[in-house]
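Chemist: Got a structure here, written out as structure tokens. Questions coming.
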Amino acid sequence: MTVGQTEFIEALLNPDLAIPEGLVDPMGRPAGKRFDVYRNNVIVSLIDAMQTAFPVIHKLVGGAFFKAMAGVYVRAHPPTSPLLMFYGKELPVFLETFEHTQKLAYLPDVARLELARRDSYHAKDSAAIDPEALASIAPDALMGASFTLSPSMCVLSSPYPILSLWNMNMIPDAPKPQAGAEIVLLTRPELDVEMQMIDEPTHVFLSTLATNSLDDAYEAALSIQDDFDLPKVIGLILDQKIVTEINI
């Protein structure tokens, strides 16, 4: 009797299900204990991968709770890639509906921040422009230019202090979070991911710049803050190596 892939995966991730009929060991005997050991090892490996991917969530809810929660998640969301370092992308949505985390409304966005860090770290390498390149372009031409932005850049906005929560749990002596919204800019100017808070005008500027000209991005930011400091934000872009190409 041939065991179907779907049946095998369901039994593998759910210890309440019986071992699929017809599953045998190399000697032709019923798999039995071998399958139970394998099933346990798979679950443990996936839970460990979750803990590695979401260290702040692990700290916020505690080890025992995280293990139990991750066990529920693993059974609901089997891996779709053989690369465990990319496992767990559905956790933010899972946390929004998981009954035992409903009082911790900030958890989904903290998970999104941890995923954004991972995505930024694994993003395709790109070379930033030479800052001197801007000086060689006439001001009018520069304002009409569009910029190609680094694939490692990401902006995440939340009504909760997600970066402060991350810092408190990952950086020694970091201050305790204050209630309120935070917008986080993630970049990878060198080998490591860097995160910093930005304001809403800067967020709008960067979001607009991703698909429009520098002038369009500047006008969008001015519509929110009439004294928007363009040179300061250009300095931020160059310092964080966000721009990879200037399109005149």
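Conditions tested, residue by residue: (1) assigned to a helix (DSSP H, G or I); (2) more than 20 Å from the chain's Cα centre (by Cα).
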{"residue": "LEU142", "(1), (2)": "yes, yes"}
{"residue": "THR148", "(1), (2)": "no, yes"}
{"residue": "SER157", "(1), (2)": "no, no"}
{"residue": "LEU163", "(1), (2)": "yes, no"}
{"residue": "TRP166", "(1), (2)": "yes, no"}
{"residue": "PRO172", "(1), (2)": "no, yes"}
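Chemist: From LEU222, LEU209, which residue is in contact with a Phe, Trp or Tyr (Cβ under 9 Å, 6 or more places away or on another chain) and closer than 18 Å to PRO151 by Cα? Full working, then the answer.
Modeler: Values: LEU222 fails: closer than 18 Å to PRO151 by Cα.
Going through LEU222, LEU209 in turn, the sole match is LEU209.
Chemist: Give all pairs with beta carbons closer than 6 Å in which a residue from region 187-207 that is within 12 Å of VAL233 (Cβ to Cβ) meets a residue that is open to solvent by less than 30 Å² (accessible area, probe 1.4 Å) and not aliphatic (A, V, I, L, M); count only pairs at least 6 apart in sequence or on separate chains.
Modeler: PRO201/PHE228
Chemist: Let me ask something additional. Residue pairs, Cβ under 7 Å, 6 or more apart or interchain, first in region 163-185 and farther than 11 Å from LEU113 by Cα, second among the basic types (Lys, Arg) and open to solvent by 80 Å² or more (accessible area, probe 1.4 Å). List them.
Modeler: Within 7 Å, the pairs are MET168/LYS176; ASN169/LYS59.
Chemist: Identify all residues within region 52-63 that are touching a helix residue (DSSP H, G or I) at 6+ places or on another chain (Cβ under 6 Å) and open to solvent by less than 70 Å² (accessible area, probe 1.4 Å); write none if there are none.
Modeler: The answer is PHE54, VAL56, ILE57, HIS58.
Chemist: On to the next question. Restricted to region 142-197, and to residues that are among the acidic types (Asp, Glu) and closer than 27 Å to ALA210 by Cα, which residue is least open to solvent (accessible area, probe 1.4 Å)?
Modeler: Among those residues, the one meeting the criterion is GLU182.
Chemist: Let me ask something else about it. Take the residues of region 93-127 that are over 26 Å from PHE65 (Cβ atoms) and crowded, with 16+ Cβ neighbours inside 10 Å: which is nearest to the chain's Cα centre (by Cα)?
Modeler: From region 93-127, those over 26 Å from PHE65 (Cβ atoms) are 120-127; that's our starting set.
Checking the rest, the ones that are also crowded, with 16+ Cβ neighbours inside 10 Å come to 120, 123, 126.
Details: SER120: 8, ALA123: 11, SER126: 19 Å.
Within region 93-127, the match that is nearest to the chain's Cα centre (by Cα) is SER120.
Chemist: Limited to region 87-112, what total is found for residues that are part of a helix (DSSP H, G or I), touching a residue at least 24 places away in the same chain (Cβ under 8 Å) and either β-branched (Val, Ile, Thr) or over 23 Å from LEU163 (Cβ atoms) (or both)?
Modeler: Result for region 87-112: 3.
Chemist: Residues in region 227-238: is at least one assigned to a loop (DSSP other than H, G, I, E, B) and either among the charged types (D, E, K, R) or within 18 Å of the chain's Cα centre (by Cα) (or both)? Lay out the reasoning, then the answer.
Modeler: Filtering region 227-238 down to residues assigned to a loop (DSSP other than H, G, I, E, B) leaves 227-229.
Narrowing the set further to residues that are either among the charged types (D, E, K, R) or within 18 Å of the chain's Cα centre (by Cα) (or both) leaves 227, 229.
Yes, some residue in region 227-238 is assigned to a loop (DSSP other than H, G, I, E, B) and either among the charged types (D, E, K, R) or within 18 Å of the chain's Cα centre (by Cα) (or both).
Chemist: Against the condition β-branched (Val, Ile, Thr) and either within 18 Å of the chain's Cα centre (by Cα) or not in a helix (DSSP H, G or I) (or both), how does ILE224 come out, does it pass?
Modeler: yes
Chemist: Out of the residues in region 64-88 that are crowded, with 16+ Cβ neighbours inside 10 Å and touching a Lys or Arg at 6+ places or on another chain (Cβ under 9 Å), which is nearest to ARG118 (Cα to Cα)?
Modeler: So, considering only residues that are crowded, with 16+ Cβ neighbours inside 10 Å and touching a Lys or Arg at 6+ places or on another chain (Cβ under 9 Å), the one nearest to ARG118 (Cα to Cα) is PHE86.
The values are calculated or read from the model by the stated rules, or taken from the named source; none is laboratory data. Everything numeric in this text was worked out from a predicted model, so none of it was measured. Neighbour counts run over all protein chains shown; Cβ positions are idealised from the backbone, glycine included. For the accessible areas, the whole protein counts, side chains as well, though only heavy atoms, and no ligand, DNA or RNA atoms are used. Shrake-Rupley method; radii C 1.70, N 1.55, O 1.52, S 1.80 Å.
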